[in-house]
1. Lys/Arg Cβ at +1, Asp/Glu Cβ at -1, dipole of the chain taken about the Cα centre: which of Ala112, Phe2, Ala80 is farthest positive-ward?
2. Would you compute, from DSSP H runs of 4+ residues alone, the mean residue ellipticity of the chain at 222 nm, taking -39500 (n - 2.57) per run and dividing by the full residue count, rounded to the nearest 500?
3. If I model a spin label at Asp100 and Met32 as a point 7 Å from the Cα along the Cα→Cβ vector, what separation in nanometres do I get?
4. Given +1 on the Cβ of Lys and Arg, -1 on the Cβ of Asp and Glu, and no further charges, what dipole in debye does the range 1-120 carry about its Cα centre, rounded to the nearest 20?
5. What's the magnitude of the charge dipole for the range 65-156 around its Cα centre, counting Lys and Arg as +1 and Asp and Glu as -1 at the beta-carbon? Answer in Debye, nearest 20.
6. Under the rule of at least 5 residues apart or a separate chain, name every residue whose amide H is placed under 5 Å from the amide H of Ile41.
7. Would you work out which of Ile98, Leu63, Pro130 lies farthest towards the positive end of the dipole of the chain, given +1 charges on the beta-carbon of Lys and Arg and -1 on that of Asp and Glu, about the Cα centre?
8. For Lys66, list long-range residues whose amide hydrogen, built 1.01 Å from N in the peptide plane, is under 5 Å from its own amide hydrogen.
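What follows is calculated from the coordinates using simple rules that are stated; it is not laboratory data. Computed from a predicted model, the values in this text were never measured in an experiment. Counting neighbours? That spans all protein chains shown, and the Cβs are built from the backbone with ideal geometry, glycine included.
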Amino acid sequence: MFPEWTWLVGLLLGATIGSFLNVVIYRMPRGMSLSNPRHSICPNCKHTLGMADLVPLFSWLMLGGKCRYCQVKVPGRYFAVELFTGIVWAAIWYQFFINDADWPKAIAYMLASAALVAIIWIDWELYLIPDQINAFLTVVGVLYNGYLYWTNSPYK
């Protein structure tokens, strides 16, 4: 369906989703809104991050793992979550967009893997799994199962 080199698209999309997952991992278990503040902030100095600070993977590397504004070290988790999510999404992209051309399964797996990445990192840090993420996983599973039932392919 797609040329082989397009797994890079999966990597970049996954890293971008990983950047958002970092917001989820930091804010959700602390009872903070995912949309307020609207923009990403430094966890230390609370300065609003600019566009140059938000390029997945590259910003962390270019700034040496430090905040541009307060120079405090940014935890390696931010880079690791973006990289890990990117790698997982690239693998899913390769398997289900390049090899099998099964986009519904790819989307379900990508959404589920993103939720599981958030669960892993939140649980590792705080020993809890937010109910909102469990609910999201349930919705993804039910919708994908409904799709399989609707297309009469329950064992796909």
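1. Selected residue: Ala80.
2. After summing the helix terms and dividing by the residues of the chain, the value is -19000 deg cm²/dmol.
3. Once both label points are built, they end up 3.7 nm from each other.
4. It works out to roughly 720 debye.
5. On the way: 6 positive and 6 negative charges, 67 e Å.
That gives the range 65-156 a dipole magnitude of about 320 debye.
6. Correct list: Leu49.
7. Projecting each Cα onto the dipole axis, the largest value belongs to Leu63.
8. Under 5 Å from the amide H of Lys66: Val74.
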